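Read through the structure below, which is laid out as structure tokens, and then see the notes.
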Amino acid sequence: MAIYLDNAATTQVDPDVLEAMLPLLQGQFGNPSAIHAMGRKARAAIERARKTIAKSINVSPSEICFTSCGTEANNTALLGSVRDLDVTRIISSPTEHHCILHFLEHLEASYGVEIVYLDVDDKGRVDVDQLAELIADKTKKTLLSLMHANNEIGTMIDFERISKMCHEAEVLFHSDTVQTFAHFPFDLQETPISFMVSSAHKFHGPKGIGFMYVNGDNQISPLIYGGSQERNMRAGTENISGIIGLGKAVELAYGALDEHRKHIEDLRQYCKEKLVEHIPGILFNGDLEGRSLYTVLSTSFPAEACYEMLLFNLDIAGICASGGSACSSGVNQGSHVLKAIDADATRTTIRFSFSKNNTKEDIDHLVGALQQIREEAVV
């Protein structure tokens, strides 16, 4: 029996999402740029999905642009802020996703942008006082780029406070919400932001489709040129079935948000308690007692021989999870997030991440497998 505990990496497509997509892959396959009836039907389906997403975060549909994924959307927002909005300084953190960090390196090398990284503590929390000092300097047009929740350890920023700080300082604010959209409520009228990014496959939608919110006050150019699709924001024939799947996944997620959140929060707490009870020396990364992504449990196992091949042994036991290491050796560079929080390099980190589909029986199976792995190593 396979136990899937890697939902922060990707999630299973919801059956209702698949059902919504199938007509667009079969009979309703018209090109949305075509003026005939089948094209108009495809266009109407896209715009319905756009309205669903816009409504979920309380923005105008015209501010939503569909992309292939979160990485493309993040790259578009960052490049647009420099190329079109005259940003010369970007403030970020060393624990951002690589699609941010690597693109910041590109902007620094190719555009001469000043990149400033905020300090983070041992739980991955950014230094907000340092941020306040930095944005008090009005001599450079500045963009702040911080992910809402860290994908490895789950630590979250104070979204509302930072939004207010940026608004008052006239600093652009970009946030990668790939791990949190459809898991938390957003009202971008109450909490203004310049750019926001998400990806469908993180909340039971299809892979290959995401979206970018661009505040109407910020006019940026495309990353991909060609046709006039997406209101001239992204050239190329739209991924119609993916867009409809994204819209349906958003509808389902926000339609049962509280129910799913409670279920997953209870599962994470149950998992934490069972691990503490049965695995001596277990620790957890991140800010579990503070702002924390409830779908993620970053688990630090003791520096014992039985845990050195833990991810491999879990895979043999039919358990899917993600690994992480603070060390760096050979081609395995380890986790930049764990390095940034000064995690113990001798310990083994495994990220367990949960969805609405997981059960307590899954957790019991996991704990049983961990116990067996330890016992067999001792023997």
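Observations, loosely collected:
- Where ILE224 falls short, out of the listed (1) crowded, with 17+ Cβ neighbours inside 10 Å; (2) closer than 27 Å to ALA235 by Cβ: (1)
- Members of the stretch 289-306 found to be under 19 Å from ASP6 (Cα atoms) and touching a residue at least 60 places away in the same chain (Cβ under 8 Å), listed by number: SER292, LEU293, TYR294, THR295, VAL296, LEU297, SER298
- Which listed residue is under 26 Å from PHE354 (Cα atoms), touching a residue at least 40 places away in the same chain (Cβ under 8 Å) and either touching a Phe, Trp or Tyr at 6+ places or on another chain (Cβ under 7 Å) or not aliphatic (A, V, I, L, M) (or both), from ASN7, ASN31: ASN7
- Criterion applied to GLY323, GLY281, GLY255, GLY318 was being surrounded by fewer than 17 Cβ atoms within 10 Å (Cβ to Cβ) and touching an Asp or Glu at 6+ places or on another chain (Cβ under 9 Å), and the one residue passing it is GLY281.
- Every residue from the stretch 345-379 that is surrounded by fewer than 13 Cβ atoms within 10 Å (Cβ to Cβ) and part of a helix (DSSP H, G or I): LYS360, GLU361, GLN371, GLN372, GLU375, GLU376, VAL378
- Looking across the stretch 200-245, the residues that are under 22 Å from LEU78 (Cβ atoms) and in a helix (DSSP H, G or I) come down to ALA200, HIS201, LYS202, GLN229, GLU230, ARG231, ASN232.
- Cβ pairs under 7 Å, 6+ apart, first in the stretch 190-202 and in contact (Cβ under 8 Å) with a residue 24 or more places away in the chain, second surrounded by fewer than 24 Cβ atoms within 10 Å (Cβ to Cβ) and of a type in the set (D, E, K, R): THR191/GLU160; HIS201/LYS207
- Selection within the stretch 129-145: residues that are among the aliphatic types (A, V, I, L, M) and surrounded by fewer than 23 Cβ atoms within 10 Å (Cβ to Cβ). The member of this set that is farthest from VAL87 (Cα to Cα) is ALA132.
- Condition check for LYS51: at pLDDT 95 or above, out of contact with any Lys or Arg (no Cβ under 8 Å at 6 or more places or on another chain) and under 28 Å from ARG161 (Cβ atoms): no
The values are calculated or read from the model by the stated rules, or taken from the named source; none is laboratory data. This structure is a prediction, so every number in the text was calculated from the model and none was measured. Glycine gets a Cβ as well: all are built from the backbone with ideal geometry, and neighbour counts include every protein chain shown.
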